[in-house]
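Reviewing the structure listed below.
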Amino acid sequence: MTILECAAVLEAQQEVMLLTHARPDGDTLGSAAALCSALRRGGKKAWLYPNPQITSHFRRYIAPYLGENAEGAFVVSVDVAGTELFPKGFEGRSVPLCIDHHPGPHDFAAQKLLDTEKASCGEIVMRLIEAMYGGLTPEEASLLYIALSTDCGCFVYGNTRADTHIAAAHLIDCGADYHALNKELFRSFSFARLKLEGMIFSSLRSLRDNAVNVAVIPLEMMERSGATEDDCDDLASLAGKVRGSRVSLTVRELAGGKSKASVRTDGSVDANALCARFGGGGHKMAAGCTMDCGPEALAERLLDAIDEVWPE
């Protein structure tokens, strides 16, 4: 569907619940909160699904928009690529509308607003809000700046394009508090996070003449550093800091015998194709998967499969 068609669907609703994905990041939360704010301005009753995995790092920005898990509301998923990313407690529910920038069929949604060319879902939501209400408030601009800047790594990831910078400049013109947000999101860390980074770097494995770099983060490492989920934003970018890196694998051990892999590439290797072999997915340069095994076992499975996607 087009932006205007999506706007018409939302305008026809009275109660809207916005759904963010499991282990929510800045894009899903910032985009959903900004759209929630705009819908409220338009006289709608709107709120975010109470995702239990929201960390305090982002909760301060989106707390005013959180609500209850209501059964009768019109549900809009924001930055959710598949049912495996539905947050805890929402499993089994239907989604009439999804807004996303990830590739894939999104078969769970009856209607879809998709733009896989955008670096973040926030850019799509920005255009949608402006189509519906003519402009952004400074609060909405700040929320969308969180979405955009975190999904492109403060404009250093390979998904950053000219129109990404244009969108960021537009958000700044609309009043986004970018100075404070840049400092808080990208330059301020807890002592536990810095200890965790030191442990990750000291145990980093480098293969193929530094082209492949692997970080494995067992629960024991989290405990020794004193780090919590609040300290785990953007850990996936660390292994790729090695000069010459083409693929970086970051594998975290989760509770319950599961492990989650985050794959980042320079674009020469398809991260989505690699993770799809293990039931995951994402973008060509950033993808992930989760499996019922230990972190070392998942890392080895990914390494064994790299040859299948490595360009000749």
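A few remarks follow.
- Farthest towards the positive end of the charge dipole of region 87-175, among the residues H102, V156, I124, is the Cα of H102, using unit charges on the Cβ of Lys, Arg, Asp and Glu.
- Per residue accessible area in Å² of the chain, where ligands, DNA and RNA are left out and the probe is 1.4 Å: 43 Å²
- FRET efficiency estimate (nearest 0.05) - Cβ-Cβ, L194 to T137, R0 35 angstrom: 0.50
- Just checking the listed ones, E71, E229, E130: in the Gaussian network model of the chain with Cα springs under 10 Å, the one fluctuating most is E71.
- Region 85-131: trypsin sites (Lys or Arg not before Pro) falling in loop per DSSP and having at most 12 other Cβ within 10 Å: K88
- Accessible surface of D234, taken over heavy atoms with a 1.4 Å probe and every protein chain present, rounds to 80 Å².
- Charge dipole magnitude, Cβ of K and R +1, D and E -1 - region 263-312, Cα centre, debye nearest 20: 240 debye
- Highest-MSF residue in the chain out of V216, V156, V263 [GNM, Cα springs under 10 Å]: V156
- Dimensions (Å) - region 212-312, Cα atoms, principal axes, largest first: 42, 29, 19
- Here the translational diffusion coefficient of region 6-61 follows from Stokes-Einstein with Rh set to the Kirkwood radius across Cα pairs; for 37 °C and 0.692 mPa s it amounts to 279 µm²/s.
- Near the amide H of K112, within less than 5 Å, lie the amide hydrogens of C98, all on another chain or at least 5 residues away, with H placed in the peptide plane.
- Across region 213-225, computed HN-Hα scalar couplings (Karplus, 6.51 cos²θ - 1.76 cosθ + 1.60, θ = phi - 60°) run 10, 10, 10, 10, 10, x, 4, 4, 5, 4, 5, 5, 7 Hz from first to last residue, x flagging Gly and Pro.
- Ordered by 1.4 Å accessible area with all protein chains kept, Y49, Y133 run largest first as Y133, Y49.
- Largest mean-square fluctuation among I172, I124, I99, in a Gaussian network model of the chain whose springs join Cα atoms under 10 Å apart, belongs to I172.
- Taking θ as phi - 60° and the Karplus parameters 6.51, -1.76 and 1.60, the scalar couplings of region 160-169 work out to 6, 10, 4, 6, 5, 5, 4, 4, 4, 4 Hz in sequence order, x denoting glycine and proline.
- Cleavage-rule hits (trypsin sites (Lys or Arg not before Pro)) in region 213-276: DSSP loop, at most 12 neighbouring Cβ within 10 angstrom: R243
- Fully extending the segment from M1 to D307, taken as 0.36 nm per residue of separation minus the present Cα-Cα distance, adds 106.4 nm.
- Percent of Cα pairs in region 160-216 per distance bin of 5 Å, from zero to the largest separation: 4, 14, 12, 14, 12, 12, 17, 10, 3, 0.
- Label zone at A22 (point 7 Å along Cα-to-Cβ), backbone N below 18 Å, region 283-312: 283, 287-295, 298-299
- Full-stretch length increase - E229, A110 - with 0.36 nm per residue and alpha-carbon distance subtracted: 39.5 nm
- Other residues within the sphere of radius under 14 Å centred on the Cβ of A297, judged by their own Cβ, net out at -1 (K and R +1, D and E -1).
- Taking amide H atoms as placed 1.01 Å from N in the peptide plane, the amide H of L254 lies under 5 Å from those of S259, K260, each 5 or more residues away in sequence or on another chain.
- Cα Rg, Dmax, region 48-134, angstrom units: 13.4, 36
- Cα lying deepest toward the dipole's positive end in region 178-312, options N272, I200, M222, charges on Cβ: I200
- Rounded accessible area of M222 (nearest 10 Å², 1.4 Å probe): 20 Å²
- Each residue of region 126-135 is assigned a 3J(HN,Hα), and the resulting list reads 4, 5, 5, 4, 5, 5, 7, 10, x, x Hz, derived from the Karplus form 6.51 cos²θ - 1.76 cosθ + 1.60 (θ = phi - 60°), x at Gly and Pro.
- Carbon plus sulfur fraction of accessible area for the chain, probe 1.4 Å, in percent: 51 percent
- Computed from point charges on the beta carbon alone (+1 for Lys and Arg, -1 for Asp and Glu), the dipole magnitude for the chain about its Cα centre is near 480 Debye.
- Taking all protein chains together, E140, E253 sort by accessible area into E253, E140, largest first [probe 1.4 Å].
- Available extension along the chain between A12 and D163 is 51.3 nm, counting 0.36 nm per residue and deducting the alpha carbon span.
- Compactness of region 180-250, expressed as Rg and Dmax over alpha-carbon positions, Å: 12.8, 40
The values are calculated or read from the model by the stated rules, or taken from the named source; none is laboratory data. This structure is a prediction, so every number in the text was calculated from the model and none was measured. Quick reminder, even Gly has a Cβ in these numbers, built from the backbone with ideal geometry, and neighbours come from all protein chains shown. Heads up: the accessible areas ignore ligands, DNA and RNA and are worked out on the full protein's heavy atoms, side chains in. Shrake-Rupley method; radii C 1.70, N 1.55, O 1.52, S 1.80 Å.
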